[in-house]
Amino acid sequence: MVISTPRHVQSFAELNDDELAGVAVAWRERARAAREAGFPYVHALLNEGREAGASLPHSHTQLAWLEKAPPAVRAEEAGGECAVCRHVEAELASGERLVLEREGLAVLAAYGGRLPYELLIAPVAHPSESAFETEPLGPALGLLSESLRRLHAIEGPTPVNAWLHDRGHWHIEVLPRLTVFAGIELGAGIYVNSLAPEDAATALRDGEPKETRPESLRRP
């Protein structure tokens with residue numbers, strides 16, 4: 001576990017630049033320790049809010065040391081070509097789902113996202129190293145924090161899960177838990193998302209206030 005800051009804050013969105021840089025350093029050092037201990041893959045994750053599985057109210061992240069990349073990560077490598085490269089290139093060319101681009105990184109509203117406001121944060125160019133070994137890790141965590149601040153401005157405090165896929169074209173996936181998975185999602189693998197990614201991107205770009213969002217997406 002990596003405690004985000006000694007200050008008592010409940011959300012990653014509340015961290016300042018120095019605290020975000022500290023999280024990046026802690027991730028980098030613990031990933032190095034994992035490799036030295038014989039665990040080649042580190043799954044870094046954020047659980048925020050009880051509905052997202054958080055057991056502590058104080059902002060923190062977790063690093064799971066694994067003996068090999070998990071199935072979801074290995075599946076992204078199928079086919080030989082870099083699917084993330086193709087996806088990011090197409091999304092930047094379109095611009096419809098682009099939320100923010102900064103320091104060689106892009107924040108995209110996920111095409112066909114599972115839940116409203118699902119996001120992808122990824123380097124624009126194919127990285128040559130692990131996220132834990134590159135300088136863009138800090139800015140990527142900064143974009144995660146800013147994305148959550150923008151989401152909070154629209155929807156209020158929101159439970160969220162986020163995780164790093166550190167293989168090939170590394171990226172961070174962000175899954176706000178504004179609705180719950182039910183039988184169709186869990187049993188059939190068919191995800192019902194009531195918000196189009198283009199609308200999500202527009203709202204996050206503009207910082208649209210919560211009161212103007214559809215009633216179905218407002219939290220009680």
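Taking a cut-off of 25 Å, what percent of all Cα-Cα pairs in the chain are separated by more than that? Could you put the intermediate results ahead of the total?
On the way: 9240 of 24090 pairs.
Tail of the P(r) past 25 Å holds 38 percent of the pairs.
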Label point distance in nm, ILE184-ARG7, each placed 7 Å from Cα along Cα→Cβ: 4.2
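By how many nm would the segment from ARG50 to GLU76 grow when fully extended, if each residue of separation counts as 0.36 nm and the alpha-carbon distance is taken off?
Working: separation 26, 0.36 × 26 = 9.36 nm, distance 2.90 nm.
Answer, rounded to one decimal: 6.5 nm.
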Least to most buried among ILE190, ILE3, ILE121 (fewest other Cβ within 10 Å first): ILE190, ILE3, ILE121
Equivalent ellipsoid semi-axes, the range 1-49, via Cα gyration tensor eigenvalues times 5, rooted, Å: 23, 12, 8
Computed [θ] at 222 nm, deg cm²/dmol, the chain (DSSP H ≥ 4; -39,500 (n - 2.57); rounded to nearest 500): -10000 deg cm²/dmol
Using a Förster distance of 30 Å, the FRET efficiency for GLU198-ALA125 (Cβ separation, nearest 0.05): 0.75
Long-range Cα-Cα pairs in the range 100-209 (distance over 21 Å), rounded percent: 36
Rounded to the nearest 20 debye, dipole of the chain from Cβ charges on Lys, Arg, Asp, Glu: 560
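All of the numbers you see were taken from the coordinates with simple rules; none came from a lab. Since this is a predicted model, take the numbers as computed values, not measurements. A quick note on method: Cβ atoms are made from the backbone with ideal geometry, for glycine too, and the neighbour counts reach across all protein chains shown.
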